[in-house]
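Worksheet: one structure, shown below.
The values are calculated or read from the model by the stated rules, or taken from the named source; none is laboratory data. Please read these numbers as outputs of a predicted model, since none were measured by experiment. Please note: Cβ atoms are built from the backbone with ideal geometry, for glycine as well, and neighbour counts cover all protein chains shown. Accessible surface is based on the protein model in full, side chains and every heavy atom, while ligands, DNA and RNA are left aside. Shrake-Rupley method; radii C 1.70, N 1.55, O 1.52, S 1.80 Å.
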Amino acid sequence: MSSSCVLLTEPVDHVAVVTLNRPAVLNALDEALMDELDVVLNQVAADPAIHVAILTGAGRGFCAGADMGILSVLAESDSTVQLMKDVSKPVRTLHRMPQLTIAAVNGPAAGAGWGLVLACDIRIASVSARFGATFARMGLGPDYGLSKTLPSAVGRERALELLVTARIIDAREAREIGAVSSVVDDSLAEAIRLAGEVTKAPGRTIRSAKATLRRAAVVDFDTAVEEVEACAQAALFNHPGFMDVAADWISQVAGG
């Protein structure tokens, strides 16, 4: 499927690549792009055949943040709170996706663009990637989930420093502080390679691992072990395909 704003491809089995497609403006988020992105992400989320979703940008940028047109609409609105809720739908959909999500950051990711990056489970940056929570320069605070995801990735103190200074960091620093997991020449190629490794496991296992970590993060240790992990593991043990998968893996290890 494709549109003027978002491209959806499946380069290998069980892997979807969602590409923001406004390269002339570094994929800045306008109303059309946000609406289409939310539709495509929901479409991918509902597809049981997709086990990994990769988000990237067309051209030389990942996403420059909100388009000036959107900022003007928000500034002049009588219902700014409701509009903020509406424009944040794509990042909330991305965060809720059951599949493993990978951000392939091919260039600048600023403001809401960085929010999209950090809403993904794994972040891979090209050497040309740049990151900035640039809201303060416009007299604004964080949105698109950055108040939650940036401190989670880099710690509260560093997150606050990045937010109030609006400092731009390069890919190397992003890796050093934990905002991305790796820096490579071609982030999309590496994301597709990693997705191929991930999809060697059953799709149900990938989804279960992601859900288990999310649930365990908000409970105490005993609850994580006795309830979250126990229930998730029991469901996987009881799946009719478990024994075949387990036997195949054991034979591979024994053969190696």
key: Ala32 paired with Phe237, simple spin-label distance in nm, labels 7 Å along Cα-to-beta-carbon   = 5.4
note = With all protein chains present, the chain has a carbon and sulfur share of its accessible area (1.4 Å probe) in percent of 57
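Divide by every residue of the chain the summed helix terms, -39500 (n - 2.57) for each DSSP H run of at least 4, and state the resulting mean residue ellipticity at 222 nm, rounded to the nearest 500 deg cm²/dmol.
The helix contribution divided over the chain gives -14000 deg cm²/dmol.
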task = Could you calculate the FRET efficiency of Ser4 with Ala136 from 1/(1 + (r/R0)^6), where r is the beta carbon distance between them and R0 is 22 Å, rounded to 0.05?
result = 0.10
ask   = At a Förster distance of 35 Å, what's the computed FRET efficiency of Arg60 paired with Ala211, Cβ-Cβ distance as r, to 0.05?
value = 0.50
note = accessible surface per residue for the chain, probe 1.4 Å, DNA/RNA/ligands not counted, whole Å² -> 51
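Rounded to two decimals, what is the ratio between the C-alpha radius of gyration of the stretch 71-123 and 2.2 N^0.38 Å?
1.33
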ask   = What percentage of all Cα-Cα pairs in the stretch 1-153 are separated by more than 28 Å?
value = 13
Vicinal HN-Hα couplings computed from phi for the stretch 101-113 (Karplus, 6.51 cos²θ - 1.76 cosθ + 1.60; Hz; Gly/Pro x) = 10, 10, 8, 9, 8, 8, x, x, 10, 10, x, 4, x
query = Could you give the distance between the Cα centres of the stretch 178-221 and the stretch 75-105, to the whole Å?
reply = 21
task = Would you check the accessible area of His95, probe 1.4 Å, heavy atoms only, in square angstrom rounded to 10?
result = 90
task = Please give the net charge around Lys89, taking every other residue with its beta carbon less than 9 angstrom from that of Lys89, where Lys and Arg add +1 and Asp and Glu add -1.
result = -1
task = Give the long-range amide H neighbours of Leu100: residues separated by 5 or more places, or on another chain, with amide H under 5 Å away, using H modelled in the peptide plane at 1.01 Å from N.
result = Ala53
key: Largest to smallest principal axis extent of the C-alpha atoms in the stretch 153-256, angstrom   = 53, 37, 20
note = the stretch 95-128 scanned against label point 7 Å out from Asp186 along Cα→C-beta; backbone N under 20 Å for 102-108, 123-128
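So for the stretch 127-208, Kirkwood radius off the Cα pairs, Stokes-Einstein at 4 °C and 1.567 mPa s: how many µm² s⁻¹? If you can, show how the numbers build up before the last one.
Working: Rh = 14.5 Å.
Roughly 89 µm²/s, to the nearest whole number.
Could you rank Phe131, Phe242 by how accessible they are, 1.4 Å probe, largest area first?
On the way: Phe131 0, Phe242 60 Å².
Accessible-area ranking of Phe131, Phe242, largest first: Phe242, Phe131.
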query = How much of the DSSP beta bridge set in the stretch 15-108 is antiparallel, as a percent to the nearest 5?
reply = 0
task = Out of all DSSP beta bridges with both ends in the chain, state the antiparallel percent to the nearest 5.
result = 25
task = Tell me the label-point distance for the pair Ser147, Ala166, using the 7 Å Cα-to-Cβ offset, in nm and rounded to one decimal.
result = 1.9
message = Give me a comma-separated list of calculated 3J(HN,Hα) values for the stretch 122-134, in order, Karplus coefficients 6.51, -1.76, 1.60 applied at θ = phi - 60°, integers in Hz, x for any Gly or Pro.
response = 10, 10, 10, 10, 6, 4, 7, 5, 9, 9, x, 8, 8
Sequence-distant lysines (8 or more away, or on other chains) whose Cα lies within less than 16 Å of Lys85 = Lys148
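Against the empirical 2.2 N^0.38 Å scaling, what ratio does the C-alpha Rg of the chain come to?
1.06
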note = Sorting Met84, Met68, Met138, Met97 on solvent-accessible surface, 1.4 Å probe, most exposed first, gives Met68, Met138, Met84, Met97
message = Less than 22 Å apart at the alpha-carbon level, and either on another chain or at least 8 residues along: which lysines does that give for Lys200?
response = Lys210
